[in-house]
Ligand code: PMP
């Protein structure tokens, strides 16, 4: 039995873009992607890629960065990203998942403690699972819980380094972390901060540098900027002191033993950084749309989170999937999110606001949700 019962003729047919589109579950108005600024299809980004192709930037790297895979485009991107985010160095990974798991598995050592927010992303858990440090989960966005976990660990004889891991903007609730309070906890305990800016990058902060950009450049701060969300590309930039970057380059297995990401994509990310810097109107429009969505959708139970991610928590899985199905059938691409992606009993519609829709579409979504509920 072939794994895929596909004939050559079907494959030829599959190559037709329309058919691919029909097969790909990318239906309806975009209320679910992380393409917050609409950059994934931006003409300026496409032009930058075409220009890079024309000047000979290769599509594939052909090997690990440490062997033949390093391309000048990787180096230039990292230099520009470090300058943009205001950190000493940056290191580009092929995905946020690879970067985050590399950070959490490589930097904390045996004898160290990682205190992480209970809602950190699966990629952080992956890193901690592989790594050798002890870990403690702290109540969501509760600086005192982080502080207590560290104090307890020290009282039990812990002597290693302490790493505090959290997200600046949470992907499923759209709420912000108490960043300055967590930075104070870090200062009190001489701890390091590992801050995942996946959903804040491009959306918040001066020039879209994120919610924690003021901390960039400090010697105890390592931040992660994913490039596959508001930047419309893929990959992730780790921003860190040079000594930390060097350590990851020499010890990070996910970096060392992996083919370097596409140099052409590096050109795209460079262009995306330029767009973040000089098209602030995209952010302004997104914030206006998100505020509008908060006003229109909160009467139906959505949380006006103050960000571009608005959860509508329905609780049980069946109701969530029923409402999601009804909304999708009406042409709105809203996804139901269930455990283990979110805690048990908090199944929800995750409504994300992007520049791929406008006020009229938000009004339409509100009407459909109202009916489905
Ligand atoms: N961190 C967070 C908070 C995320 O939401 C995601 C993506 N869902 C990642 C890391 C992983 O990033 P990527 O999709 O680039 O692998």
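Numbers at a glance
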| read-out | value |
| --- | --- |
| Matching option when the condition is over 25 Å from residue 65 (Cα atoms) and either surrounded by 24 or more Cβ atoms within 10 Å (Cβ to Cβ) or assigned by TED's automatic domain parsing to the domain that holds residue 231 (or both), among 136, 98 | 136 |
| Selection within segment 113-143 - in contact (Cβ under 8 Å) with a residue 40 or more places away in the chain and more than 15 Å from residue 196 (Cβ to Cβ) | 113, 143 |
| Meets criteria (buried (at least 16 other Cβ atoms within 10 Å of the Cβ), over 16 Å from the mean Cα position of the chain (by Cα) and not assigned by TED's automatic domain parsing to the domain that holds residue 183) for residue 30 | yes |
| Test: residue in segment 256-265 that is in contact with a helix residue (DSSP H, G or I) (Cβ under 6 Å, 6 or more places away or on another chain) and either within 16 Å of the ligand (Cβ to nearest atom) or over 18 Å from residue 47 (Cβ atoms) (or both) | no |
| Residue within segment 168-181 that is surrounded by fewer than 21 Cβ atoms within 10 Å (Cβ to Cβ) and over 27 Å from residue 231 (Cα atoms) present | yes |
| Selection count where residues are closer than 20 Å to residue 232 by Cβ and buried (at least 21 other Cβ atoms within 10 Å of the Cβ), scope segment 79-93 | 6 |
| Lone qualifier among 95, 105, 90, 123 - being more than 12 Å from the ligand (Cβ to nearest atom) and within 17 Å of the chain's Cα centre (by Cα) | 90 |
| Residues that are farther than 12 Å from residue 31 by Cα and not in a loop (DSSP other than H, G, I, E, B), drawn from segment 342-358 | 347, 348 |
| Matching option when the condition is assigned by TED's automatic domain parsing to the domain that holds residue 116, surrounded by fewer than 24 Cβ atoms within 10 Å (Cβ to Cβ) and either within 22 Å of residue 115 (Cα to Cα) or near the ligand (Cβ under 10 Å from one of its atoms) (or both), among 218, 198, 236 | 218 |
| Odd one out for residue 205, checked against (1) without any contact (Cβ under 8 Å) to a residue 60 or more places away in the chain; (2) under 30 Å from residue 151 (Cα atoms) | (2) |
| The lone exception for residue 188 - which of (1) surrounded by fewer than 20 Cβ atoms within 10 Å (Cβ to Cβ); (2) touching a helix residue (DSSP H, G or I) at 6+ places or on another chain (Cβ under 8 Å); (3) within 30 Å of residue 352 (Cβ to Cβ) it fails | (3) |
| The lone exception for residue 146 - which of (1) within 14 Å of the ligand (Cβ to nearest atom); (2) surrounded by 24 or more Cβ atoms within 10 Å (Cβ to Cβ); (3) without any contact (Cβ under 8 Å) to a residue 40 or more places away in the chain it fails | (1) |
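The values are calculated or read from the model by the stated rules, or taken from the named source; none is laboratory data. Keep in mind it's a predicted model, so treat the numbers as computed, not measured. Cβ: placed from backbone, ideal geometry, glycine included. Neighbour counts: every protein chain shown.
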